[in-house]
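What follows is calculated from the coordinates using simple rules that are stated; it is not laboratory data. This structure is a prediction, so every number in the text was calculated from the model and none was measured. Note that we place each Cβ from the backbone using ideal geometry, even for glycine, and neighbour counts take in every protein chain shown.
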Amino acid sequence: MAETGSVKELVRKFILETAQIKGVKEVGDNDSLTDSGIIDSLGIFRLVSYLEETVGVHVGDEEITQDNFRTIADIERFVNAKMAASNQAAPAH
Amino acid sequence: MPYILQQLLTESVKQHADKPAVWARNRTLTYRELNERSNQLAHFLRKQGIRKGDRIGLFFPKAVESLVAMFGALKAGAIYVPLDPNQPADRISYIITNCGIRGLITTEDRLKLLDPAAIPCVEFALLTQESANSGSQIHTFGWSALNYFPAGHSPELDATTTDLAYILYTSGSTGRPKGVMLSHQNALTFIEWCAEMFSVTCDDHLSNHAPLHFDLSVFDVYNTIKAGATVHMVPDDIAIFPASLANWIEKQQISIWYSVPSALVYLVLHGKLDAQKLRRLRIILFAGEVFPQKYLKQLAQILPHVELYNLYGPTETNVCTYYRVDRARLPQMDKIPIGRACANTEVFGVDEKDRIIGIGEVGELFVRGPSVTPGYWGDPEKTAKMCVPNRFQGNFEEKMYRTGDLVSPDENGDYYFLGRRDNQIKSRGYRIELGEIEAALLSHAGVCEAAVIAIPDEEIGNRIMAFVMPHRTGTTTAVELQQHCATKVPKYMIPEQIDLLDVLPKTSTGKIDRVTLAKGVRPVAV
């Protein structure tokens, strides 16, 4: 599982890789991914699969909303909260 | 009976003055506000020298001002041209100069994208915000400039139903988009049919999902205004999240939804659609591409109370056929038809021997009637090729439109869509000429030959893939070519995958062999 601090960079890397063909060269933490067409609905679902694979969180359809996925900062906040919740739920060693 | 589109507004305002006409980005305009603001805009445009038949470009993200701009332009006698705010500046500048847009209604950040030297026909810009300090060389006004013009009435206008109302640009096979001219009559023929067919009333809430340069939006806007209903423009940042979109449909109490099937497929797959929450929804219309049957069946099951209609028609004819989904028959059907002609429209298939086809036969679909476009802006050659004399009746001269779509009618008189005669495809409902993408690739200095093919895809219709032979190996990369395309064509036309080959396979006649290329396609990485 990736470390908490790197979620932002993982997401940024994924987005830059998929958006570079559109001429996107940088994405700030608080830039809207949706307004400018950096990512479309297909891209969102690819990003979710990517997060599920690399970070190991499970994302339900009802969680794929603009509140959780509008910016890189939103996504990090959402993923960290998911990870914290699943850590709490896990039995203590 | 209204014969020009703005009369729909001036009629509805009499009864529904204080009702919201449009909702966008958490703002609304009442019918009175829309009528008064569009009157002011019309006077403003006249003051800038705009006369009947002049073109006004609408270049900004959807907002309540979109409707003000449309009706304001029409009231001034102008023809409006919706420009996709997300398309590359190069393509937008081409459209602006192609139809000689004299005035732009835009925002500060969009205006900055355009090089004034590339659009010398533009004499002024009106920003939909207050600030008029654009720093642009183009003479620019802020929205508050409208305040100084009369709100109570529109300028005098001599107009007839055959005057042009708007121009919609679609992908062109020769590498440049082409402008489909639509008259008031073209639009009203469709709107009159809709009003009766779907019994749109002032209690309805219509969605507007399609971009304004896409003809699906004509239904949303003008049916709403005719009925005294409310149109709700789907926010961009909600449209791509199915769960958020489903909540939005519930919250706005949408009763009539119209979109491309791919948007509905995402709602079915990931939207957690709930019939109880969406109980206000009474009609779903879809058009623009084939709805994958398995998802249509799921949609019909999830929302048993909603009537489903498949609408069909190229931009050149508005909608020309319709089919109401028959729930009793749907489970046994392999595909649904595009159906039969709308009121005041005639359609028929013509085979290779130039005969009108009968049941079960295959032919190209032709359309005649008042919904058919007068042609393409500034392109009489293309117009003559697509809008051809009706040789099946000799009583008087008239034109009919050849769609390029192959169809076959069944015993009920419903037509089925079988495919295209040419290289036009649909992806996410967008009409795309593969030739326009090939031209974009070929405009790159490193490209010697290029072929673009479509790979059928269940969720979005088609994926786009390109094969390129560079002048010299190693001089360019797939990503560089994709970035180059991004400056020439809309995002939905950029090839998802570009393979660089030493040589492209050829047919015996020396053409690029697209069939062989398509056979060798690797699965697109997801």
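Per-structure values
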{"item": "Calculated [θ] (222 nm, deg cm²/dmol) that DSSP helices of n ≥ 4 give over the protein assembly as shown, each run adding -39,500 (n - 2.57)", "result": "-9500 deg cm²/dmol"}
{"item": "Ascending count of other beta-carbon atoms within 10 Å, so fewest first, for B:Glu33, B:Glu458", "result": "B:Glu458, B:Glu33"}
{"item": "Cα-based reach from B:Lys297 at 19 Å (exclusive), listing lysines while leaving out same-chain residues under 8 positions away", "result": "B:Lys272, B:Lys335"}
{"item": "Sparse-neighbour loop sites [trypsin sites (Lys or Arg not before Pro); region A:1-84; at most 11 other C-beta within 10 Å; DSSP]", "result": "A:Lys25"}
{"item": "Net dipole in debye of region A:7-87 [+1 Lys, Arg Cβ; -1 Asp, Glu Cβ; about Cα centre; nearest 20]", "result": "240"}
{"item": "Radius, Kirkwood style, for the protein assembly as shown when every pair of distinct Cα atoms is counted (Å)", "result": "25.8"}
{"item": "Radius of gyration and Dmax over the Cα atoms of chain B, both given in Å", "result": "23.1, 69"}
{"item": "Loop-resident sites, region B:370-469, for chymotrypsin sites (Phe, Trp or Tyr not before Pro), counting at most 12 other Cβ within 10 Å (DSSP)", "result": "B:Phe396"}
{"item": "Cα-centre dipole for region B:438-498 with unit charges at Cβ (Lys and Arg positive, Asp and Glu negative), debye to 20", "result": "280"}
{"item": "Sparse-neighbour loop sites [trypsin sites (Lys or Arg not before Pro); region B:46-93; at most 16 other C-beta within 10 Å; DSSP]", "result": "B:Arg51, B:Lys52"}
{"item": "A:Lys25-B:Val388 pseudo-label distance in nm [points 7 Å out on the Cα-to-Cβ vector]", "result": "5.0"}
{"item": "Cβ-based charge dipole, the protein assembly as shown, positive-most Cα from B:Ile494, B:Ile338, B:Val218", "result": "B:Val218"}
{"item": "Check: chain B dipole with +1 on Lys, Arg Cβ and -1 on Asp, Glu Cβ, in debye", "result": "400"}
{"item": "Rule-of-thumb Rg ratio for region A:7-87 [Cα; 2.2 N^0.38 Å; N residues]", "result": "1.01"}
{"item": "Per-residue Cβ neighbour rank within 10 angstrom, fewest leading, A:Ser49, B:Ser207, B:Ser93, B:Ser171", "result": "A:Ser49, B:Ser93, B:Ser171, B:Ser207"}
{"item": "Furthest towards positive pole of dipole, B:Val515, B:Gly271, B:Gly429, structure part the protein assembly as shown, Cβ charges", "result": "B:Gly429"}
{"item": "Rounded to 5, percent antiparallel among DSSP beta bridges of region B:104-214", "result": "50"}
{"item": "Of all DSSP beta bridges in the protein assembly as shown, antiparallel share, percent nearest 5", "result": "60"}
{"item": "Fewest-first sequence of B:Tyr322, B:Tyr492 by Cβ atoms within 10 Å of each Cβ", "result": "B:Tyr492, B:Tyr322"}
{"item": "C-alpha long axis of helix A:7-19 to longest principal axis of chain A, angle in °", "result": "30"}
{"item": "Cut-off of 10 Å, at most 16 other beta carbons, DSSP loop: longest stretch of chain A lacking such GluC sites (Glu not before Pro)", "result": "A:27-93"}
{"item": "Rounded to 5, the percent of DSSP beta bridges in chain B classed as antiparallel", "result": "60"}
{"item": "Region B:253-372: C-alpha gyration tensor shape, a/c 1.5 cut-off, then a/b vs b/c", "result": "prolate"}
